[in-house]
Each structure stands twice: as C-alpha cells, then as structure tokens.
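J.: Sharing a structure with you now.
The values are calculated or read from the model by the stated rules, or taken from the named source; none is laboratory data. Predicted, not measured: the structure shown is a model, and the values here were computed from it. Glycine gets a Cβ as well: all are built from the backbone with ideal geometry, and neighbour counts include every protein chain shown. For the accessible areas, the whole protein counts, side chains as well, though only heavy atoms, and no ligand, DNA or RNA atoms are used. Shrake-Rupley method; radii C 1.70, N 1.55, O 1.52, S 1.80 Å.
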Amino acid sequence: MAEKQVIVIGAGPAGLTAAYELSRLGVAATILERSAHVGGISRTASYKGFRFDIGGHRFFSKSQEIEDLWSEVLGARLLERGRLSRIFYRNRFFDYPIRPLNALANLGPATAALCVASYLKARVLPPREVRSFEDWTVRSFGRTLYEIFFKTYTEKVWGMPCSEISADWAAQRIKGLSMASLMRSMFLPKPKGRGAVIKTLIDRFRYPGRGPGEMWETVARIVTGRGHRLVFEAAVERIERASAGLLRVWTADGRSYAGSDFLSTMPLRELVNALDPPAPSAVQTAARALGYRDFLTVALIVDQTQVFPDNWIYIHDPTVKMGRIQNFKNWSPEMVPDARYTCLGLEYFCFEGDGLWSAPDSELVALGCAELAKLGLVDPAKVVDGTVVRQAKAYPVYDDHYRENVEAIRAFLEREAPNLQLIGRNGMHRYNNQDHAMMTGLLAARNIAAGGQYNLWAVNADAQYQEEIREGELDGGGRLVPERLKT
Ligand SMILES: Cc1cc2nc3c(=O)[nH]c(=O)nc-3n(C[C@H](O)[C@H](O)[C@H](O)COP(=O)(O)OP(=O)(O)OC[C@H]3O[C@@H](n4cnc5c(N)ncnc54)[C@H](O)[C@@H]3O)c2cc1C
C-alpha cells in the first residue's frame, strides 16, 4: 500500500494538534497555512515587542488528555494564573462573581432598592410569555439587574437586541446562575472540587508565559523537527476531487499538494466554495448561508506600570462600543518587553465590512483612546502607541438554520470525500474552545494513522468523546450562542 501523505489545511490548534499526533504515529504531513504565523485565532500577535492575544486565551479543559498534552509541550512555561475580571459600569468596578457589599456600595442604596423592587415585581408579575433573552433574564433577575448586568454586554458581543435573542439560549447559557445561586455565592463559602465550578465563574487557569502563541510556535517547531512540512502564505483556494475522494489542493500561488488524506480547519463555507468540480447547488446554498461574527482588538501601549489589576474587564457601559479590555501584563509579565509599560487590548465585536471593521487603524486607535478617557480608566496622554488586529470569522454563528446547513454539507462530504475529515472551530462550524479543536485533531489523526473509527462530531464542548450520543446532542454539544427568535 502506498505511504500516507496527509494534507492539513490550517496551522491553528486543530491542525497543529493533528500534525503533532501524526508525527508521533510516524505519518507524513504537509501543513498549509494561509497566514504568515501559526496559532490561528489562538495566536499571539506582537507589536514592537508587546504581545497580545485575540481575546485572551485561558488554558482550561475538563479533558485530562488535553491538559496533559499542554503540559507535555510547554512544561513549566505554562503558568498557573488566578483570574480577576470585574464588570465596569457607571464608572465603578463590580466584583465578578458579584459580592453583596461591593454591589451595594457601587449601586448605592437607591439603585439597590430598585433592583430588589424590580426583582420582586418580576416574581409577583412575571412576563406572560417568555420568548426572548430579555424576557427570560427580566423574569429571573428583575429588569434593573438585567439592564445593568446582562443587556449591554450581550448586545455588544452578538450585535442583536436581547429582545430578538431566543430565551432558550439564556436558559442554557446562564444555567446554574439563578438569583438563589447568586445569593448562595454571596453568603456561603465556595463549594470545593472541579465539578462544583460553575462554568461562567472559573477562577484559575493556565497560560503560557508568552501567550497562547508560544504553545503553537512550540508545536510547530516540534512537528517540523520531526519531518513535517509547514508552508506559510499557502491559502488553499481550490480542492480537486474525483469519484473516490479528494486528490490535491491548490494554493493561491498556483502550487498544488497531493495527498492520501486531508484534514480541514478552513471555514466550512470556504471549503465548499473551493471544491472542484463544485458541490451540488443545494450544498453550495447551505454553505453560503453559514454566518460569522468578527472581532478586532485595538492594542494600546500605555506609559504606566499598572493600570488595573484585572486580567480583563467587561465594559457594560452602553455609551462606548468596546466590549472588554484585556490587560496582557496581568496574564503574564512576559507579555510586555519593558515592565514600565502596560499593553491593553480593547475588544470590539463587529461584522466584516461594517463601519468598525472598515475604519482605518488610526481612527480605531483614536476611538480606543477616546473611549478609555470617557470611562476614566486611562489618561489619553499616557497612550504612547497603538495598533489594530482584525480577526475575521472569530465566531461561527448558530442561527435558525445552521444545524441543517452543516448537516447537508457534512452528509455530502462524507459520501463524496471520504478521505477528508473536518476538524476544529470553523472547520466544523462549532463555537468551541481550543480543547475541543485539539481533541477533534487528535482523533482525526488516529483515524488516519491508527485505524480509529472516531466520529469527530461526537466530541462535546468539554472536549470529551461521547461514546453514546443522546438525542439532540450532536450539534447541541457545542458551546452555546444565541439564536434569533423565530417569528
Ligand atoms: C475572542 C476569543 C476568545 C477566545 N478565548 C479562548 C480561551 O480563553 N480559551 C480557549 O481555549 N479558546 C478560546 N477561544 C477559542 C479558540 O481561539 C479557538 O477554539 C481555536 O483557535 C480554534 O482552533 P482551530 O485550529 O479550529 O481554528 P483557527 O484558530 O481558526 O485556525 C485555523 C487556521 O487555518 C488557517 N486557514 C484558514 N483558511 C485557510 C485556507 N484556505 N488555507 C490555509 N489555511 C487556512 C487560518 O489562517 C488559521 O491559522 C477564543 C476565541 C475568541 C474569538
């Protein structure tokens, strides 16, 4: 039998983990990466020696195998970090998780009384119909708390009004966080043990000294050291197929790469569009309908040793566009080249092509400075430099039809391209963390090299392989994103 040659599309966590496992199992691979760097959305960007993530990437998994793999690659370079992330609202910092004295002091007696009154009102006179995220949250916490703690941030992230987001999402997303659990977390000691950690409130995580990019730069070095080829600026544009499956891929510079097996982390929409001969029109229509939410970071260098102690701050103030501020020095001191400075990452959620996305970098840097000044967090005179990093397709969107669209594409590819496996976040159109992307990469590699029969769609959001898939879990096992209300 001919030797296997695996073509891996994308050098993000999924592609590189697959390559890592293939190299361990002695199978040859070529990794084709569109950009000039590794890590994908989990890369660490660098500007004049200041390092910053796309978001701020915590290394935390319920899968011991993934935790062990991180340790194997980085050892002591993986730092153990505590989490401090507060909410900023009306010029005040609210502890997160919320603590009663802090919340009372910040809100003041009048607003606190209003919170209680609106909560009681929601209990006595609940909304008759609970259809939207707004209905659900108002019913659970009262309108005042909804407006302070839920409305603005959710709308910034997802770009749609809470009144149009389905209530199901709230019920699942804020699962375990009710008024009663909030009260318990305020007054009772924290429960012990991993299982007791409420998903939204995890307060310890690991982080590479030089950011997530260090993990993926190290993995890339290991796999190339073991003989894999990693080609940068190799955007796969055409995927040639025959009746038995895929033959080769063509990159934008006109080169072609033949393979026996293919792993794809490129966005599913683009993969279908690259097929040659093209997929049937129904499959193309399904692919075109897949949507994404995009993201940009305005990184500002501040001539100040310490600005605030948090890893990140949620900005609930509705008068500014930014959604969160990361303080990368607090993730790891190695993220700044000179300890006298601080590098802040101001996060803006947007759609590719909208006003924010298309604004020139200089305007975005000016916007960031102005918003920081407005919030009173940083004196703009202290901002000495800034840059912008855009991340297209940061979030695959789960709209009303994404499930059936992904299903149609998947069924077609499984039938017509059995030597192709879809892995990772945009590769599978699943809104999940690195650990999930990595687990799909690991299992796909074992399917090729070790005769595995893993169904990659059975890896759940916690990166665990589900031997038995329960009804409705196959896609629902992903992290949750809001769905628009059905009209
Ligand atoms: C704001 C934000 C915060 C996050 N925080 C965390 C966190 O705290 N912890 C965590 O674990 N995860 C976090 N994540 C999720 C994490 O970033 C992703 O799960 C992970 O990067 C997915 O890995 P991937 O390899 O599937 O895809 P990607 O990271 O998207 O990598 C895909 C790679 O494929 C390349 N590519 C695409 N198209 C082509 C093509 N046509 N040809 C060649 N190459 C191509 C891309 O350039 C990219 O390098 C966060 C994500 C975001 C957006």
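J.: At a Förster distance of 45 Å, what's the computed FRET efficiency of Asp379 paired with Ser71, Cβ-Cβ distance as r, to 0.05?
T.: Efficiency for this residue pair is about 0.60.
J.: What FRET efficiency, computed as 1/(1 + (r/R0)^6) with R0 = 35 Å and r the Cβ-Cβ distance, is obtained for Ala282 and Asp354, rounded to the nearest 0.05?
T.: Working: r = 30 Å, r/R0 = 0.84.
Once the sixth-power term is evaluated, E becomes 0.75.
J.: Could I ask something else about it? Ordering Lys382, Lys321 by accessible area with a probe of 1.4 Å, largest first, what comes out?
T.: Working: Lys382 85, Lys321 120 Å².
Order by accessible area, largest first: Lys321, Lys382.
J.: How far is helix 402-416 tilted off the main Cα axis of the chain, in degrees rounded to 10, range 0 to 90?
T.: Between helix and principal axis, roughly 10 degrees.
J.: Protein chains only, probe 1.4 Å: how do Glu404, Glu214, Glu416 rank by accessible area, largest first?
T.: Working: Glu404 105, Glu214 20, Glu416 60 Å².
Largest to smallest exposure gives the sequence Glu404, Glu416, Glu214.
J.: Work out how much length Asp303 to Ala117 would gain on full extension: take 0.36 nm times their residue separation and subtract the Cα-Cα distance, in nm to one decimal. Don't skip to the end; give the middle numbers.
T.: Numbers: separation 186, 0.36 × 186 = 66.96 nm, distance 4.47 nm.
Length gained, Asp303 through Ala117: 62.5 nm.
J.: Rounded to the nearest 500 deg cm²/dmol, what is the calculated helix-only ellipticity per residue at 222 nm for the chain, with -39500 (n - 2.57) per DSSP H run of length n ≥ 4?
T.: Result for the chain: -10500 deg cm²/dmol, rounded to the nearest 500.
J.: Right, here's the next one. In the structure shown, do any of Lys151/Lys329; Lys151/Lys374; Lys321/Lys382; Lys62/Lys156; Lys329/Lys374 have a Cα-Cα gap over 25 Å, and if so which? Write out the running numbers ahead of the final one.
T.: Working: Lys151/Lys329 29 Å; Lys151/Lys374 20 Å; Lys321/Lys382 21 Å; Lys62/Lys156 29 Å; Lys329/Lys374 23 Å.
Over 25 Å Cα-Cα: Lys151/Lys329; Lys62/Lys156.
J.: No solvent, one uniform scatterer per C-alpha: report log10 I(q)/I(0) for the range 292-396 via the Debye equation at q = 0.10, 0.14, 0.16 1/Å, two decimals.
T.: Normalising to I(0) and taking log10 leaves -0.26, -0.51, -0.67.
J.: Spin-label point model (7 Å from Cα, Cβ direction): what's the Ser256 to Asp361 distance in nm?
T.: With each label point 7 Å from Cα toward Cβ, the separation is 3.8 nm.
J.: Further question: Mind listing P(r) for the chain? All alpha-carbon pairs, 10 Å bins, whole percents.
T.: Using 10 Å bins, I get a P(r) of 4, 18, 28, 27, 16, 6, 1, 0 for the chain.
J.: Expressed as a whole percentage, what fraction of the accessible surface of the chain belongs to carbon and sulfur atoms when a 1.4 Å probe is rolled over the protein heavy atoms? Don't jump to the answer; show the numbers that get you there.
T.: Details: 11140 of 21270 Å².
About 52 percent, which is the carbon plus sulfur part of the accessible surface.
J.: Please work out, to two decimal places, the log10 of the ratio I(q)/I(0) at q = 0.12 Å⁻¹ from a Debye calculation in which every Cα of the range 1-127 carries one identical scatterer.
T.: Rounded to two decimals, the profile gives -0.75.
J.: Solvent-accessible area per residue for the range 50-171 at a 1.4 Å probe radius, Å²? All intermediate terms of the calculation are to be shown ahead of the outcome.
T.: Working: 5740 Å² over 122 residues.
I get 47 Å² per residue for this part.
J.: Let me ask something else. Efficiency by 1/(1 + (r/R0)^6): what FRET value for Ala339 and Ala244, r their Cβ-Cβ distance, R0 = 60 Å, to the nearest 0.05?
T.: Numbers: r = 59 Å, r/R0 = 0.98.
It comes to 0.55.
J.: So what does Ser281 come to for accessible area, using a 1.4 Å probe and Å² rounded to 10?
T.: Taking all protein chains as shown, Ser281 has close to 90 Å².
J.: How much accessible area per residue does the range 292-396 have, in Å², with a 1.4 Å probe?
T.: On the way: 3650 Å² over 105 residues.
About 35 Å² of surface per residue is accessible.
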